[in-house]
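Values in this text are rule-based calculations from the coordinates and carry no lab data. It should be emphasised that the depicted structure is a prediction, and the values quoted were computed from it without experimental measurement. Cβ: placed from backbone, ideal geometry, glycine included. Neighbour counts: every protein chain shown.
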Amino acid sequence: MGDHVYKVIEIVGSSTKSIEDAIQQAIAKSGETLRNLDWFEVVETRGHIVEAKVAHYQIKLKIGFRLD
């Protein structure tokens, strides 16, 4: 494995289903415009409450991708 240089971005994903779904949607959407996605880190988790129930899950991710 050679040396690599990475760029790191922060994005926020949301879902009405679960934290995992919010992560999957955020990564899938990022993959539509970015190449060489290699890793992610969840840096914040939060949600929205409506009538004493979870309405939305939100996660903030750092995504690392290799530069060409």
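Descriptive notes on the structure:
- Each Lys or Arg adds one and each Asp or Glu subtracts one; over the other residues with Cβ under 12 Å from the Cβ of A22, this totals +1.
- Here K7 is the anchor, and the aspartates and glutamates within straight C-alpha reach of less than 18 Å, apart from those fewer than 8 places off in the same chain, are E32, D38, E41, D68.
- Virtual spin-label span in nm between H4 and N36, 7 Å along Cα→Cβ: 0.9
- C-alpha long axis of helix 19-31 to longest principal axis of the chain, angle in °: 40
- Rg to Rh quotient for the chain, alpha carbon positions, Kirkwood Rh: 1.09
- Within the chain, helix-based [θ] at 222 nm, where runs of 4 or more DSSP H residues each add -39,500 (n - 2.57), nearest 500: -6000 deg cm²/dmol
- If you plug the beta carbon distance of Q24 and D68 into 1/(1 + (r/R0)^6) with R0 = 30 Å, you get a FRET efficiency near 0.75.
- Mean separation of Cα contacts under 8 Å, 6 or more apart, over the residue count of the stretch 6-66: relative contact order %: 48
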